[in-house]
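Shown next, in C-alpha coordinates, is the structure this report addresses.
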Amino acid sequence: MRKLGVQEIEDIALGAAVLGTGGGGDPHIGKLMAIQAVREYGPVELIDLEQVPDDAIIMPLAMMGAPTVIVEKIPNGDEFPRVYHALKQYLGREVYATMPIEAGGVNSMIPVASAARLGIPLVDADGMGRAFPELQMVTFHLGGITATPMAMTDEKGNLIILSTVTNLWTEHLARSATVVMGGSAMIAIYPLTGAQAREWAIRGIVTRTEEIGKTLRLWGRRPGSVRSQAAALRRDLPPVVATMPGGVAGEECAGGASTGRRAGPGEVPEGDVVQAVLALTAGYLLFRGKVVDVARRTVGGFARGEAVLEGLDEFRGQSMRIHFQNENLIALRDGEVRATVPDLITVLDAETARPITTEGLRYGYRAVVVGMPCDSRWRTPRGLETVGPRYFGYDVDYIPIEQRMAGQRG
(Lines give C-alpha, C1' and ligand atoms only; values in the text may rest on other atoms or scores of the structure.)
Protein backbone atom coordinates (compact mmCIF):
# COMPACT_ATOMS: atom_id res chain seq x y z
CA MET A 1 0.00 0.00 0.00
CA ARG A 2 1.21 3.52 -0.75
CA LYS A 3 -0.26 6.98 -1.13
CA LEU A 4 -0.93 8.83 -4.37
CA GLY A 5 -0.41 12.58 -4.22
CA VAL A 6 -0.25 15.32 -6.81
CA GLN A 7 3.03 14.25 -8.45
CA GLU A 8 1.90 10.64 -8.77
CA ILE A 9 -1.35 11.82 -10.34
CA GLU A 10 0.55 13.91 -12.87
CA ASP A 11 2.63 10.88 -13.86
CA ILE A 12 -0.31 8.46 -13.99
CA ALA A 13 -2.33 10.81 -16.21
CA LEU A 14 0.55 11.13 -18.65
CA GLY A 15 1.40 7.43 -18.74
CA ALA A 16 -2.23 6.36 -19.01
CA ALA A 17 -2.66 8.53 -22.08
CA VAL A 18 0.15 6.55 -23.73
CA LEU A 19 -1.68 3.27 -23.07
CA GLY A 20 -5.03 4.90 -23.87
CA THR A 21 -4.43 4.50 -27.62
CA GLY A 22 -5.88 7.93 -28.31
CA GLY A 23 -9.05 7.43 -26.26
CA GLY A 24 -10.34 7.41 -22.72
CA GLY A 25 -11.12 11.12 -22.75
CA ASP A 26 -8.97 14.17 -22.17
CA PRO A 27 -6.27 13.32 -19.59
CA HIS A 28 -5.80 16.99 -18.68
CA ILE A 29 -9.39 17.39 -17.52
CA GLY A 30 -9.23 14.20 -15.51
CA LYS A 31 -5.92 15.20 -13.97
CA LEU A 32 -7.31 18.51 -12.77
CA MET A 33 -10.30 16.74 -11.23
CA ALA A 34 -8.07 14.24 -9.41
CA ILE A 35 -5.63 16.88 -8.15
CA GLN A 36 -8.46 19.03 -6.83
CA ALA A 37 -9.94 16.03 -5.01
CA VAL A 38 -6.60 15.03 -3.46
CA ARG A 39 -5.89 18.58 -2.31
CA GLU A 40 -9.33 18.80 -0.75
CA TYR A 41 -9.64 15.31 0.77
CA GLY A 42 -6.05 14.05 1.04
CA PRO A 43 -3.89 11.45 -0.77
CA VAL A 44 -5.40 8.26 -2.16
CA GLU A 45 -4.43 4.86 -0.81
CA LEU A 46 -3.25 2.57 -3.64
CA ILE A 47 -3.57 -1.13 -2.78
CA ASP A 48 -2.66 -4.39 -4.47
CA LEU A 49 -5.30 -6.90 -5.48
CA GLU A 50 -3.97 -9.30 -2.85
CA GLN A 51 -5.07 -6.87 -0.14
CA VAL A 52 -8.73 -7.13 -1.15
CA PRO A 53 -10.71 -9.83 0.74
CA ASP A 54 -12.27 -12.52 -1.46
CA ASP A 55 -15.88 -11.42 -0.91
CA ALA A 56 -15.28 -7.64 -0.72
CA ILE A 57 -16.85 -5.52 -3.46
CA ILE A 58 -14.76 -3.42 -5.86
CA MET A 59 -16.77 -0.84 -7.82
CA PRO A 60 -15.12 0.57 -10.99
CA LEU A 61 -16.11 4.15 -11.81
CA ALA A 62 -15.74 5.79 -15.22
CA MET A 63 -17.04 8.27 -17.76
CA MET A 64 -18.85 7.01 -20.86
CA GLY A 65 -19.29 8.84 -24.16
CA ALA A 66 -17.50 10.55 -27.00
CA PRO A 67 -14.15 12.18 -26.09
CA THR A 68 -15.05 15.11 -28.36
CA VAL A 69 -18.01 15.84 -26.05
CA ILE A 70 -16.16 15.23 -22.79
CA VAL A 71 -13.71 18.08 -23.45
CA GLU A 72 -16.64 20.53 -23.54
CA LYS A 73 -19.04 18.91 -21.05
CA ILE A 74 -16.93 18.70 -17.95
CA PRO A 75 -18.34 16.95 -14.85
CA ASN A 76 -19.18 19.14 -11.87
CA GLY A 77 -17.88 16.51 -9.43
CA ASP A 78 -21.20 15.48 -7.87
CA GLU A 79 -21.72 12.70 -10.41
CA PHE A 80 -19.16 10.27 -8.89
CA PRO A 81 -20.70 10.06 -5.40
CA ARG A 82 -24.19 9.95 -6.94
CA VAL A 83 -23.57 6.80 -9.01
CA TYR A 84 -21.45 5.26 -6.25
CA HIS A 85 -24.11 5.61 -3.55
CA ALA A 86 -26.92 4.63 -5.93
CA LEU A 87 -25.25 1.36 -6.90
CA LYS A 88 -24.11 0.68 -3.34
CA GLN A 89 -27.71 1.09 -2.14
CA TYR A 90 -28.98 -1.16 -4.93
CA LEU A 91 -26.44 -3.86 -4.03
CA GLY A 92 -27.19 -3.53 -0.33
CA ARG A 93 -23.52 -4.04 0.48
CA GLU A 94 -20.53 -1.99 1.53
CA VAL A 95 -17.96 -1.16 -1.14
CA TYR A 96 -14.34 -1.91 -0.24
CA ALA A 97 -12.52 -0.05 -3.05
CA THR A 98 -12.72 1.35 -6.56
CA MET A 99 -10.54 0.79 -9.62
CA PRO A 100 -10.13 2.06 -13.19
CA ILE A 101 -12.15 0.29 -15.86
CA GLU A 102 -9.45 1.19 -18.40
CA ALA A 103 -6.05 2.83 -18.73
CA GLY A 104 -6.51 6.03 -20.61
CA GLY A 105 -7.25 9.70 -20.37
CA VAL A 106 -9.98 10.85 -18.06
CA ASN A 107 -10.93 7.30 -17.12
CA SER A 108 -7.60 6.71 -15.41
CA MET A 109 -8.22 9.80 -13.26
CA ILE A 110 -11.91 9.53 -12.33
CA PRO A 111 -11.29 6.58 -9.97
CA VAL A 112 -8.50 8.56 -8.30
CA ALA A 113 -10.74 11.58 -7.79
CA SER A 114 -13.57 9.33 -6.62
CA ALA A 115 -11.38 7.40 -4.17
CA ALA A 116 -10.24 10.69 -2.61
CA ARG A 117 -13.76 12.07 -2.28
CA LEU A 118 -15.30 8.80 -1.04
CA GLY A 119 -12.45 7.85 1.29
CA ILE A 120 -11.94 4.38 -0.17
CA PRO A 121 -8.76 2.75 -1.57
CA LEU A 122 -7.85 2.51 -5.25
CA VAL A 123 -6.90 -0.96 -6.52
CA ASP A 124 -3.79 -1.19 -8.72
CA ALA A 125 -5.56 -2.95 -11.62
CA ASP A 126 -7.99 -2.37 -14.46
CA GLY A 127 -10.14 -4.27 -16.94
CA MET A 128 -8.38 -3.59 -20.24
CA GLY A 129 -4.67 -2.79 -19.91
CA ARG A 130 -5.42 -0.07 -22.47
CA ALA A 131 -8.64 1.72 -23.55
CA PHE A 132 -11.51 0.36 -25.64
CA PRO A 133 -14.68 2.13 -26.77
CA GLU A 134 -17.44 -0.24 -25.58
CA LEU A 135 -18.58 -1.48 -22.17
CA GLN A 136 -18.30 -5.22 -22.85
CA MET A 137 -14.66 -4.80 -23.90
CA VAL A 138 -13.14 -5.68 -20.54
CA THR A 139 -11.40 -8.80 -19.29
CA PHE A 140 -14.20 -9.17 -16.74
CA HIS A 141 -16.53 -9.89 -19.66
CA LEU A 142 -14.20 -12.67 -20.83
CA GLY A 143 -14.57 -14.19 -17.37
CA GLY A 144 -18.37 -14.15 -17.50
CA ILE A 145 -18.73 -11.31 -14.98
CA THR A 146 -21.83 -9.22 -15.64
CA ALA A 147 -21.66 -5.46 -16.15
CA THR A 148 -24.88 -4.90 -14.25
CA PRO A 149 -26.31 -3.78 -11.97
CA MET A 150 -24.92 -0.53 -13.30
CA ALA A 151 -25.65 3.08 -12.36
CA MET A 152 -25.31 6.07 -14.68
CA THR A 153 -25.95 9.76 -14.22
CA ASP A 154 -25.43 13.14 -15.84
CA GLU A 155 -24.62 16.65 -14.65
CA LYS A 156 -28.33 17.50 -14.41
CA GLY A 157 -28.97 14.80 -11.78
CA ASN A 158 -30.73 12.19 -13.92
CA LEU A 159 -29.98 8.71 -12.56
CA ILE A 160 -30.52 5.28 -14.13
CA ILE A 161 -30.01 1.78 -12.72
CA LEU A 162 -29.59 -0.82 -15.46
CA SER A 163 -30.10 -4.58 -15.14
CA THR A 164 -29.52 -6.35 -18.45
CA VAL A 165 -29.45 -9.87 -19.84
CA THR A 166 -26.00 -9.58 -21.47
CA ASN A 167 -23.08 -7.18 -21.39
CA LEU A 168 -23.68 -6.31 -25.05
CA TRP A 169 -27.20 -5.21 -24.12
CA THR A 170 -25.65 -3.10 -21.39
CA GLU A 171 -23.54 -1.35 -24.04
CA HIS A 172 -26.50 -0.78 -26.36
CA LEU A 173 -28.87 0.56 -23.68
CA ALA A 174 -26.28 2.64 -21.84
CA ARG A 175 -24.99 4.12 -25.12
CA SER A 176 -28.50 5.22 -26.08
CA ALA A 177 -28.97 6.81 -22.66
CA THR A 178 -25.58 8.53 -22.97
CA VAL A 179 -26.64 10.13 -26.25
CA VAL A 180 -29.84 11.39 -24.61
CA MET A 181 -27.81 12.72 -21.67
CA GLY A 182 -25.84 14.91 -24.06
CA GLY A 183 -23.05 12.61 -25.27
CA SER A 184 -21.36 11.75 -21.97
CA ALA A 185 -22.37 10.22 -18.64
CA MET A 186 -20.77 9.02 -15.40
CA ILE A 187 -21.08 5.32 -14.63
CA ALA A 188 -20.53 2.77 -11.85
CA ILE A 189 -20.29 -0.65 -13.45
CA TYR A 190 -19.03 -4.24 -13.11
CA PRO A 191 -19.27 -4.51 -9.32
CA LEU A 192 -17.04 -7.53 -8.67
CA THR A 193 -15.55 -9.36 -5.73
CA GLY A 194 -11.91 -9.44 -4.74
CA ALA A 195 -11.70 -13.09 -5.82
CA GLN A 196 -13.14 -12.28 -9.27
CA ALA A 197 -10.79 -9.33 -9.70
CA ARG A 198 -7.75 -11.41 -8.83
CA GLU A 199 -8.69 -13.86 -11.59
CA TRP A 200 -9.73 -11.44 -14.34
CA ALA A 201 -8.36 -7.93 -13.73
CA ILE A 202 -5.09 -6.76 -15.29
CA ARG A 203 -2.71 -6.21 -12.41
CA GLY A 204 -0.43 -3.28 -11.75
CA ILE A 205 -1.81 -0.91 -14.38
CA VAL A 206 -1.70 2.17 -12.14
CA THR A 207 1.93 1.57 -11.27
CA ARG A 208 2.81 0.85 -14.89
CA THR A 209 1.23 4.05 -16.16
CA GLU A 210 2.96 5.99 -13.39
CA GLU A 211 6.35 4.63 -14.49
CA ILE A 212 5.73 5.60 -18.12
CA GLY A 213 4.58 9.08 -17.10
CA LYS A 214 7.57 9.53 -14.80
CA THR A 215 9.92 8.63 -17.63
CA LEU A 216 8.38 11.27 -19.89
CA ARG A 217 8.42 13.90 -17.13
CA LEU A 218 12.03 13.36 -16.13
CA TRP A 219 13.24 13.16 -19.71
CA GLY A 220 11.64 16.48 -20.53
CA ARG A 221 13.34 18.21 -17.60
CA ARG A 222 16.88 16.93 -18.10
CA PRO A 223 19.27 19.36 -19.73
CA GLY A 224 22.16 18.22 -21.86
CA SER A 225 22.69 15.52 -24.41
CA VAL A 226 20.62 12.44 -25.00
CA ARG A 227 23.33 10.34 -23.38
CA SER A 228 23.41 12.49 -20.21
CA GLN A 229 19.61 12.36 -20.04
CA ALA A 230 19.69 8.60 -20.20
CA ALA A 231 22.35 8.44 -17.48
CA ALA A 232 20.26 10.71 -15.24
CA LEU A 233 17.19 8.58 -15.79
CA ARG A 234 19.07 5.44 -14.86
CA ARG A 235 19.76 7.05 -11.47
CA ASP A 236 16.23 8.32 -10.87
CA LEU A 237 13.92 5.63 -12.16
CA PRO A 238 12.93 2.32 -10.61
CA PRO A 239 14.08 -0.84 -12.45
CA VAL A 240 11.05 -0.80 -14.68
CA VAL A 241 12.56 -1.96 -17.94
CA ALA A 242 13.49 -5.30 -16.45
CA THR A 243 9.90 -5.88 -15.39
CA MET A 244 8.32 -5.08 -18.76
CA PRO A 245 7.47 -7.93 -21.10
CA GLY A 246 10.28 -8.17 -23.61
CA GLY A 247 12.16 -5.15 -22.25
CA VAL A 248 13.17 -4.41 -25.80
CA ALA A 249 15.21 -1.58 -27.12
CA GLY A 250 17.50 -1.15 -30.03
CA GLU A 251 17.03 -3.81 -32.67
CA GLU A 252 13.35 -4.36 -31.83
CA CYS A 253 12.53 -0.68 -32.42
CA ALA A 254 12.43 -1.28 -36.14
CA GLY A 255 11.99 2.23 -37.44
CA GLY A 256 13.59 4.26 -34.71
CA ALA A 257 17.04 5.57 -33.87
CA SER A 258 18.08 2.13 -32.79
CA THR A 259 21.18 1.60 -30.72
CA GLY A 260 21.25 -2.09 -31.63
CA ARG A 261 21.53 -2.94 -27.93
CA ARG A 262 19.01 -4.43 -25.51
CA ALA A 263 18.46 -2.52 -22.29
CA GLY A 264 19.72 -4.40 -19.27
CA PRO A 265 17.97 -4.78 -15.91
CA GLY A 266 17.31 -1.40 -14.33
CA GLU A 267 18.43 0.53 -17.38
CA VAL A 268 16.68 3.07 -19.51
CA PRO A 269 17.92 2.62 -23.07
CA GLU A 270 20.10 5.23 -24.68
CA GLY A 271 18.55 7.16 -27.54
CA ASP A 272 15.62 9.54 -27.85
CA VAL A 273 12.61 9.74 -25.58
CA VAL A 274 10.43 7.84 -28.04
CA GLN A 275 12.83 4.94 -27.76
CA ALA A 276 12.52 5.08 -23.97
CA VAL A 277 8.74 4.75 -24.31
CA LEU A 278 9.19 1.82 -26.68
CA ALA A 279 11.43 0.11 -24.16
CA LEU A 280 8.95 0.60 -21.32
CA THR A 281 6.05 -0.77 -23.36
CA ALA A 282 7.81 -3.45 -25.44
CA GLY A 283 6.64 -1.35 -28.36
CA TYR A 284 7.55 -0.75 -31.99
CA LEU A 285 7.91 2.42 -34.01
CA LEU A 286 5.38 2.16 -36.85
CA PHE A 287 5.73 5.56 -38.51
CA ARG A 288 7.11 9.07 -38.23
CA GLY A 289 5.41 11.90 -40.11
CA LYS A 290 3.21 15.00 -40.25
CA VAL A 291 -0.55 14.98 -39.84
CA VAL A 292 -2.00 16.18 -43.15
CA ASP A 293 -5.67 15.32 -42.74
CA VAL A 294 -8.11 14.48 -39.93
CA ALA A 295 -11.74 13.53 -40.51
CA ARG A 296 -13.64 13.32 -37.24
CA ARG A 297 -17.36 13.10 -36.46
CA THR A 298 -19.42 12.33 -33.37
CA VAL A 299 -21.85 9.51 -34.18
CA GLY A 300 -23.94 7.38 -31.84
CA GLY A 301 -22.02 8.40 -28.75
CA PHE A 302 -18.60 7.74 -30.32
CA ALA A 303 -15.92 9.89 -31.94
CA ARG A 304 -15.25 8.14 -35.27
CA GLY A 305 -12.86 9.08 -38.03
CA GLU A 306 -9.40 8.73 -39.51
CA ALA A 307 -6.12 10.59 -39.63
CA VAL A 308 -3.55 10.65 -42.43
CA LEU A 309 0.17 11.29 -41.94
CA GLU A 310 2.82 11.96 -44.59
CA GLY A 311 6.20 10.42 -43.84
CA LEU A 312 9.28 12.23 -42.57
CA ASP A 313 12.88 11.11 -42.22
CA GLU A 314 13.19 7.37 -42.89
CA PHE A 315 9.48 7.25 -43.82
CA ARG A 316 9.65 10.06 -46.38
CA GLY A 317 7.58 9.25 -49.47
CA GLN A 318 5.24 6.98 -47.48
CA SER A 319 1.91 7.63 -45.76
CA MET A 320 0.01 6.20 -42.81
CA ARG A 321 -3.74 6.12 -42.32
CA ILE A 322 -5.17 5.51 -38.83
CA HIS A 323 -8.84 4.66 -38.26
CA PHE A 324 -10.35 5.33 -34.83
CA GLN A 325 -13.55 4.87 -32.84
CA ASN A 326 -12.70 6.86 -29.69
CA GLU A 327 -9.47 4.75 -29.68
CA ASN A 328 -7.12 3.99 -32.57
CA LEU A 329 -8.19 0.71 -34.16
CA ILE A 330 -6.03 0.01 -37.21
CA ALA A 331 -2.91 1.57 -38.79
CA LEU A 332 -2.09 1.12 -42.47
CA ARG A 333 1.18 2.19 -44.07
CA ASP A 334 0.82 2.69 -47.82
CA GLY A 335 -2.33 0.56 -47.62
CA GLU A 336 -0.65 -2.32 -45.78
CA VAL A 337 -1.83 -3.21 -42.27
CA ARG A 338 0.90 -2.52 -39.72
CA ALA A 339 -1.09 -2.98 -36.50
CA THR A 340 -4.68 -3.66 -35.40
CA VAL A 341 -6.72 -3.97 -32.25
CA PRO A 342 -6.41 -5.45 -29.72
CA ASP A 343 -2.74 -4.40 -29.90
CA LEU A 344 -2.21 -0.79 -28.89
CA ILE A 345 -1.72 1.99 -31.47
CA THR A 346 -0.70 5.35 -30.01
CA VAL A 347 0.24 8.67 -31.61
CA LEU A 348 3.01 10.60 -29.81
CA ASP A 349 4.43 14.08 -30.29
CA ALA A 350 7.62 13.57 -32.30
CA GLU A 351 9.76 15.73 -30.00
CA THR A 352 8.41 15.11 -26.51
CA ALA A 353 6.71 11.70 -26.91
CA ARG A 354 3.67 13.19 -25.19
CA PRO A 355 0.57 11.25 -26.29
CA ILE A 356 -1.94 12.87 -28.66
CA THR A 357 -5.57 11.79 -28.22
CA THR A 358 -7.89 11.26 -31.17
CA GLU A 359 -9.79 14.47 -30.34
CA GLY A 360 -6.47 16.32 -30.09
CA LEU A 361 -5.11 15.38 -33.55
CA ARG A 362 -4.57 18.49 -35.68
CA TYR A 363 -3.19 19.29 -39.11
CA GLY A 364 0.54 19.93 -39.03
CA TYR A 365 1.42 17.92 -35.91
CA ARG A 366 4.79 16.17 -36.20
CA ALA A 367 4.12 12.79 -34.72
CA VAL A 368 5.32 9.23 -34.33
CA VAL A 369 2.99 6.26 -34.36
CA VAL A 370 3.88 3.39 -32.06
CA GLY A 371 2.41 -0.07 -31.63
CA MET A 372 2.46 -2.11 -28.42
CA PRO A 373 1.41 -5.68 -27.64
CA CYS A 374 -1.84 -6.14 -25.72
CA ASP A 375 -2.54 -8.34 -22.72
CA SER A 376 -2.47 -12.01 -23.72
CA ARG A 377 -6.13 -12.51 -22.76
CA TRP A 378 -7.17 -10.33 -25.68
CA ARG A 379 -5.45 -12.74 -28.05
CA THR A 380 -7.64 -15.71 -27.12
CA PRO A 381 -10.58 -16.65 -29.39
CA ARG A 382 -13.01 -15.10 -26.90
CA GLY A 383 -10.87 -11.97 -26.67
CA LEU A 384 -10.62 -11.54 -30.44
CA GLU A 385 -14.35 -12.15 -30.81
CA THR A 386 -14.85 -9.22 -28.42
CA VAL A 387 -12.20 -6.72 -29.57
CA GLY A 388 -10.54 -8.11 -32.71
CA PRO A 389 -10.46 -6.16 -36.00
CA ARG A 390 -13.43 -8.06 -37.43
CA TYR A 391 -15.64 -6.93 -34.52
CA PHE A 392 -15.04 -3.35 -35.69
CA GLY A 393 -15.89 -4.20 -39.30
CA TYR A 394 -12.42 -4.62 -40.79
CA ASP A 395 -11.92 -7.59 -43.13
CA VAL A 396 -8.57 -8.33 -41.54
CA ASP A 397 -7.35 -11.25 -39.44
CA TYR A 398 -5.57 -10.34 -36.25
CA ILE A 399 -1.82 -10.93 -36.33
CA PRO A 400 0.16 -10.06 -33.18
CA ILE A 401 2.29 -7.00 -33.69
CA GLU A 402 5.47 -8.93 -32.89
CA GLN A 403 4.79 -11.19 -35.90
CA ARG A 404 3.92 -8.28 -38.18
CA MET A 405 7.15 -6.48 -37.31
CA ALA A 406 9.20 -9.65 -37.65
CA GLY A 407 7.69 -10.11 -41.10
CA GLN A 408 8.65 -6.56 -41.98
CA ARG A 409 12.27 -7.14 -41.01
CA GLY A 410 12.33 -10.43 -42.89
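The values are calculated or read from the model by the stated rules, or taken from the named source; none is laboratory data. Small disclaimer: the values here were computed from a predicted structure and weren't measured. Counting neighbours? That spans all protein chains shown, and the Cβs are built from the backbone with ideal geometry, glycine included. Accessible surface areas use protein heavy atoms only, side chains included; no ligands, DNA or RNA. Shrake-Rupley method; radii C 1.70, N 1.55, O 1.52, S 1.80 Å.
Before moving on, here are some points about what is shown:
- Taking the longest Cα principal axis of the chain as reference, the axis of helix 6-19 is set at about 70 degrees.
- Within the chain, DSSP assigns beta bridges of which about 95% are antiparallel (rounded to the nearest 5).
- What you get for the chain, charging only the Cβ of Lys and Arg (+1) and of Asp and Glu (-1), is a dipole of about 520 debye around the Cα centre.
- The overall shape of the range 73-188, judged from the alpha-carbon gyration tensor, is rounded, with an a/c ratio under 1.5.
- Distance between the modelled labels on residue 36 and residue 217, one decimal in nanometres: 2.1 nm (7 Å Cα→Cβ projection).
- Shape category assigned to the chain from the gyration tensor of Cα positions, a/c cut at 1.5: prolate
- Across 357, 340, 298, mean-square fluctuation computed from a Gaussian network of the chain (C-alpha pairs under 10 Å connected) peaks at 298.
- Once exposed loop GluC sites (Glu not before Pro) are cut out (DSSP; at most 12 other Cβ, 10 Å), longest piece of the chain: 95-410
- Shown is the FRET efficiency for residue 316 and residue 376, computed with R0 = 56 Å from the Cβ-Cβ distance and rounded to the nearest 0.05: 0.95.
- For the range 279-410, a crude dipole built from +1 on the beta carbon of Lys and Arg and -1 on the beta carbon of Asp and Glu, taken about the Cα centre, is about 120 debye to the nearest 20.
- Within the range 1-143: Cβ-based charge dipole about Cα centre, in debye rounded to nearest 20 (Lys, Arg +1; Asp, Glu -1): 300 debye
- Out-of-range pairs (alpha-carbon distance over 30 Å; input 156/214; 3/156; 31/156; 31/88; 156/290): 156/214; 3/156; 156/290
- Separation of the range 144-167 from the range 1-79 is 20 Å, based on Cα centroids.
- Average accessible surface area per residue within the chain, 1.4 Å rolling probe, Å²: 37 Å²
- Considering only 22, 302, 150, and ranking their Cα positions along the charge dipole of the chain that arises from unit charges at the beta-carbon of Lys, Arg, Asp and Glu, the one farthest toward the positive end is 22.
- Prolate/oblate/rounded label for the range 1-139 (Cα gyration tensor, a/c 1.5): rounded
- Protein accessible area in the chain, 1.4 Å probe - carbon and sulfur %: 50 percent
- C-alpha center-to-center spacing [the range 82-101, the range 174-205] in angstrom: 11 Å
- Among 214, 156, 73, residue whose mean-square fluctuation peaks in a GNM of the chain (springs only between Cα atoms under 10 Å): 156
- Using the rule -39500 (n - 2.57) for each DSSP H run of four or more residues, divided by the residues of the chain, the 222 nm mean residue ellipticity is -10000 deg cm²/dmol.
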